[in-house]
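Quick notes on the structure that follows.
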Amino acid sequence: MKKSAFFSVLILVLTATLTAVPAFAGSTVLYDNTASESFGNSPDWGWGTNGTTDSFVLSSNATITGGTLGLWVNQGDTPASVTWQITNNEFDGSPLAGGTATSLANTYESLFTIETPFGSYSQDIYDSAFSMSGLPLSAGTYWLEIDGVATEDGGNNYWDESEGRSTAYISDGNEEVPSETFQILGEPDTTVTPEPTSFLLLGSGLAGFAGLIRRRLKV
């Protein structure tokens, strides 16, 4: 084996070792506040409530790329847009990111019929996914604030209640309410920075390997 070929292989091995990091295959559920059933719905935004906010926790650094919401709409209607914010605190007025998502991926979940003294009415429940520009966040507690939802027919709409582990508030009087159905999607930070001792061990191993090859080349 020629020395030039050997050192080319050695460089390739070293490069591959230092640059090998896990690849991300798609959006991951970073936080889940869903439930196996619905526990009702939050107030209609048209009744004077400017927004509803729910806490979520990231256990490690991640980049947020989207979310899903459980939404109630009038029977036959569909969600069309969601106005959202990610904040450090509930209703703190300094969003880390926000906007109005108009390209929703709606999945029909079920029909919910409500009985009242004045009769019954039905609402469709959708799982509505929306995307965000990549928002890198460190591990910690944040808030997903929904300030409004529009539907194709302009009807009333509500955020489904899951009564999950999140803390939730509505902006009218900052009243605490049962938490809502949502997920936070994104890419977890899986980059691992090798410790200095790892580099030393790698260098020692490669040096020993090189010495062994050199001895064999002299034979």
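Here are the numbers for this structure:
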| item | result |
| --- | --- |
| Test for S133: is it touching a residue at least 12 places away in the same chain (Cβ under 8 Å) and farther than 18 Å from V73 by Cα | yes |
| Hey, E187 part of a strand (DSSP E or B), out of contact with any Asp or Glu (no Cβ under 8 Å at 6 or more places or on another chain) and acidic (D, E) or not | yes |
| Test for G99: is it surrounded by 13 or more Cβ atoms within 10 Å (Cβ to Cβ) and closer than 21 Å to L30 by Cα | yes |
| Looking only at segment 29-62, and only at residues there that are surrounded by 18 or more Cβ atoms within 10 Å (Cβ to Cβ) and touching a Pro at 6+ places or on another chain (Cβ under 7 Å), the one that is modelled with the lowest pLDDT | T49 |
| Entirely in segment 35-139, the strands (runs of 3 or more DSSP E) that have 3 or more residues that are more than 17 Å from the chain's Cα centre (by Cα) and of a type in the set (S, T, Y) | 105-116, 119-137 |
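The values are calculated or read from the model by the stated rules, or taken from the named source; none is laboratory data. From a predicted model like this one, the values you see are computed outputs, not experimental measurements. As a convention, Cβ positions derive from the backbone with ideal geometry for all residues, glycine included, and neighbour counts pool all protein chains shown.
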